[in-house]
Ligand code: ARG
């Protein structure tokens, strides 16, 4: 049986062991590479202050690389008796390299160890979700460009309101996603701080060089106050999940719109049959299950962020084991968000546009406000013009040329002046920034551990 890091002269009650460890040792498979990377930085820090000799550091480095290779082949095992990946990693080093394995935990607590691994996981998760979201935004922009002048009824309260276009609809989501990504810039800066060296919550009386280990891991800075570093566990997770939830809310709205627009009765768009599912009893059915589940998994993401906040809301300062339960919502939130963004991109790319149905949908009532504006332009005041059109709605005629009608909407961002360059410019600036961050992370992973990424 694995020896616990806190093992003394008694064994834990097995019922309490399985309750406290729960599924944490399984979840920790997703943190192994992050922990190895942070452990390498920590070991180099110990070498710098003479706690590990150069040859001990070399043995530890070799051991960490071996574990990374085992992990790559799906062969690094963590058992319930290990409790977590941290114990399993130290256990491997001690078993294989003896004495130096027993030194790796000097000046470190599992509290800052797991916190650092999670921080690294979150920093990369943010970069990866942003990358996929940029692709989704790009697909929406391409969809808009391919359908620039295709009219579409604009709706409020779900009722027909005014003439709109397919491009206006698609670009609204592209811009929404890009703004959400811009909003995450401050979040990246928060995640780009190293908690390593905060130990159990109060630091240690050793001259640990926190700046050095932070720079080895490519962190922009050290998270200064060690107690705050500990207390930020759960908070940053919740902030990241909140960011995911804003993306999910956009995806839920896209999905809801598409469920309506692909209704056979409207037929504005069609989902190819490969992007629908069938019924076990009704042979004709082509159901938009992908869209429905994207909508329901949005609820899941919202709940995960709430779950983390509920766990941390009453915690006193310093480490508390409750933090462990914020790990599952974080990892699940990341995985589900990636799926949501990718499936939505997939469905948007497969959408078929039925221009005839869209034009057919642009019936006369959509033009009531246009008729009011025409009266205003010929000198009438708005309120009287509104009333005269409103009292004679049967006389409202639709424009024969719906495209020309769209072109009359010339103010910035309207269907006649979509200003697509705005989204293009924002997309390429965000892409450049995110790519350079991804490059930066990769460079550090390679230098320390010879790997490309922590989340595989
Ligand atoms: N699994 C634990 C967590 O995620 C690891 C840290 C345990 N620390 C402790 N003091 N019991 O928080």
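Search the stretch 392-404 for residues being assigned to a loop (DSSP other than H, G, I, E, B) and modelled with pLDDT under 95, and hand back the single one that is nearest to residue 147 (Cα to Cα). Taking the candidates together, the pick is 401. Scanning the stretch 20-58 for residues that are over 30 Å from the mean Cα position of the chain (by Cα) and under 26 Å from residue 119 (Cα atoms) returns 43, 44, 45, 46, 47, 48, 49, 51, 52, 57, 58. Under the condition of being in a helix (DSSP H, G or I) and in contact with a strand residue (DSSP E or B) (Cβ under 6 Å, 6 or more places away or on another chain), the residues counted in the stretch 216-226 number 0.
Residues in the stretch 227-250 that are within 16 Å of the ligand (Cβ to nearest atom), part of a helix (DSSP H, G or I) and more than 14 Å from residue 332 (Cα to Cα): 6 in all.
Restricting attention to the stretch 273-285, and to residues there that are in contact with a strand residue (DSSP E or B) (Cβ under 8 Å, 6 or more places away or on another chain) and in contact (Cβ under 8 Å) with a residue 12 or more places away in the chain, which single residue is farthest from residue 349 (Cα to Cα)? Step by step, filter the stretch 273-285, then rank; the result is 277.
There is no residue in the stretch 53-73 that is crowded, with 20+ Cβ neighbours inside 10 Å and within 13 Å of the ligand (Cβ to nearest atom). When residue 3 is tested against (1) part of a helix (DSSP H, G or I); (2) over 18 Å from residue 118 (Cα atoms); (3) within 16 Å of the ligand (Cβ to nearest atom), just one condition goes unmet, and that condition is (1). Among the residues of the stretch 74-109, those that are more than 15 Å from the ligand (Cβ to nearest atom), assigned to a loop (DSSP other than H, G, I, E, B) and within 23 Å of residue 197 (Cα to Cα) comprise 104, 106, 107. Screening the stretch 331-359 for residues that are within 14 Å of the chain's Cα centre (by Cα) and surrounded by fewer than 17 Cβ atoms within 10 Å (Cβ to Cβ) and picking the one that is nearest to residue 115 (Cα to Cα) gives 332.
Say whether the condition of being under 30 Å from residue 415 (Cα atoms), more than 16 Å from the ligand (Cβ to nearest atom) and surrounded by 22 or more Cβ atoms within 10 Å (Cβ to Cβ) is met by at least one residue in the stretch 198-209. No, that holds for no residue. Would a scan of the stretch 318-330 turn up a residue that is under 22 Å from residue 250 (Cα atoms), under 27 Å from the mean Cα position of the chain (by Cα), crowded, with 17+ Cβ neighbours inside 10 Å and away from the ligand (no atom under 16 Å from the Cβ)? No - not one qualifying residue is present in the stretch 318-330.
For the stretch 286-311, name all the residues that are touching a helix residue (DSSP H, G or I) at 6+ places or on another chain (Cβ under 7 Å) and farther than 24 Å from residue 351 by Cβ. Once the filter is applied, which keeps residues that are touching a helix residue (DSSP H, G or I) at 6+ places or on another chain (Cβ under 7 Å) and farther than 24 Å from residue 351 by Cβ, the stretch 286-311 yields 300, 302, 304, 305, 307, 308, 309, 311.
Looking only at residues in the stretch 414-423 that are in contact (Cβ under 8 Å) with a residue 40 or more places away in the chain and over 24 Å from the mean Cα position of the chain (by Cα), the one that is farthest from residue 150 (Cα to Cα) is 420. Exactly one residue out of 185, 161, 117, 146 is at pLDDT 95 or above and either buried (at least 21 other Cβ atoms within 10 Å of the Cβ) or within 16 Å of the ligand (Cβ to nearest atom) (or both), and it is 117.
Listed here are the helices (runs of 4 or more DSSP H) enclosed by the stretch 286-391 that have at least 1 residues being closer than 22 Å to residue 170 by Cα and in contact with a strand residue (DSSP E or B) (Cβ under 9 Å, 6 or more places away or on another chain): 289-312, 355-361. Of all the residues in the stretch 186-223, those that are within 27 Å of residue 429 (Cα to Cα) and free of Cβ contacts under 8 Å to residues at least 12 places away in the same chain number 2.
The residues in the stretch 9-38 that are surrounded by 14 or more Cβ atoms within 10 Å (Cβ to Cβ), without any contact (Cβ under 8 Å) to a residue 24 or more places away in the chain and assigned to a helix (DSSP H, G or I) can be counted, and the count is 0. Within the stretch 424-456, being over 20 Å from the mean Cα position of the chain (by Cα) and part of a helix (DSSP H, G or I) holds for 424, 425, 443, 444, 445, 446, 447, 448, 449.
The values are calculated or read from the model by the stated rules, or taken from the named source; none is laboratory data. Remember, predicted model here, so these are calculated numbers, not experimental data. Glycine gets a Cβ as well: all are built from the backbone with ideal geometry, and neighbour counts include every protein chain shown.
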